[in-house]
1. For the stretch 89-106, which residues satisfy the criterion of being within 18 Å of Val31 (Cα to Cα) and part of a loop (DSSP other than H, G, I, E, B)?
2. Please state which of the following conditions Arg177 fails to meet, knowing it meets all the rest: (1) of a type in the set (Lys, Arg); (2) assigned to a helix (DSSP H, G or I); (3) under 16 Å from the mean Cα position of the chain (by Cα).
3. Can you confirm whether the stretch 46-54 contains a residue that is touching a helix residue (DSSP H, G or I) at 6+ places or on another chain (Cβ under 9 Å), in a strand (DSSP E or B) and not assigned by TED's automatic domain parsing to the domain that holds Ser146?
4. If you go through the stretch 113-131 one residue at a time, do you hit one that is among the charged types (D, E, K, R), touching a residue at least 24 places away in the same chain (Cβ under 8 Å) and under 22 Å from Ile9 (Cα atoms)?
5. Of the residues in the stretch 1-40, how many are in contact (Cβ under 8 Å) with a residue 60 or more places away in the chain, crowded, with 16+ Cβ neighbours inside 10 Å and part of a helix (DSSP H, G or I)?
Amino acid sequence: MPENIDPGIRFVDEEVRPMLGAIGGCRGLSVLIDRDSGECIATSSWDSEESMRASMDEVEAIRARAGEVFGGSISVDEWEIALMHREHRTSEGCCSRVTWADVEPSMPEAALQFIRDSLPKIEQLNGFCSISVLLNRDTGRCCITSTYDSREALEGSRAMADQLRAAATDAAGMAIREVREYELAMAHLHVPELV
């Protein structure tokens, strides 16, 4: 619920982040929010699938409490971090565009290579901070998040983002499901460069 966004962010910062930090293998978390809809996307990162699985009971309790604080339902997705590239660090005021897509089962590497090949263009965008690709190889779903240092920079990148998405559908067999824009409320992922 929109009115629970700020209390929810405080809860994540003051309680969730320290709790996750005490669990072996956790590499931090990030939080994206949409103040109009009240939607919140919290992403935790783990050094291995084994660490993530071993943490499930502890994380489930944290997740349940977060649902109460935010006043909404929770859904959980698991992803491989297939690509992580930062041009510069994020800070207060950053905004992100998230693209959910389906990738042909035989083409995840082609999709990743398309994004790698597009990095020089993406890096030239005003205010560009980072891009990540999360991939579920079993389902073929992927989540591409690009972050910019301001709302204005995010808005200014829309035309290029539209062009790249259109090209990706042809070159890499991607089917775009949804594109949303968010405020980056918390960026504490300690994931190394992975290109």
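The values are calculated or read from the model by the stated rules, or taken from the named source; none is laboratory data. Remember, it's a predicted structure, so these values are computed and weren't measured experimentally. Neighbour counts run over all protein chains shown; Cβ positions are idealised from the backbone, glycine included.
1. As a first pass, look at the stretch 89-106 and keep what is within 18 Å of Val31 (Cα to Cα): 89-100.
Within the stretch 89-106, Arg89, Thr90, Ser91, Glu92, Gly93, Cys94 meet the criteria.
2. Evaluating Arg177 over (1) of a type in the set (Lys, Arg); (2) assigned to a helix (DSSP H, G or I); (3) under 16 Å from the mean Cα position of the chain (by Cα) leaves (2) as the failure.
3. Within the stretch 46-54 (the criterion being touching a helix residue (DSSP H, G or I) at 6+ places or on another chain (Cβ under 9 Å), in a strand (DSSP E or B) and not assigned by TED's automatic domain parsing to the domain that holds Ser146), the answer is yes, since at least one residue qualifies.
4. Step one: filter the stretch 113-131 for residues among the charged types (D, E, K, R), giving 116-117, 121, 123.
After this cut, where a residue has to be touching a residue at least 24 places away in the same chain (Cβ under 8 Å) as well, the list is 116, 121, 123.
Restricting the remaining residues to those that are under 22 Å from Ile9 (Cα atoms) gives none.
Within the stretch 113-131, none of the residues are among the charged types (D, E, K, R), touching a residue at least 24 places away in the same chain (Cβ under 8 Å) and under 22 Å from Ile9 (Cα atoms).
5. 6
Conditions tested, residue by residue: (1) modelled with pLDDT of 90 or more; (2) over 19 Å from Val179 (Cβ atoms); (3) not polar (S, T, N, Q).
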| residue | (1), (2), (3) |
| --- | --- |
| Ser73 | no, yes, no |
| Ser91 | no, yes, no |
| Ser96 | yes, no, no |
| Ala101 | yes, no, yes |
| Glu109 | no, yes, yes |
| Pro120 | yes, yes, yes |
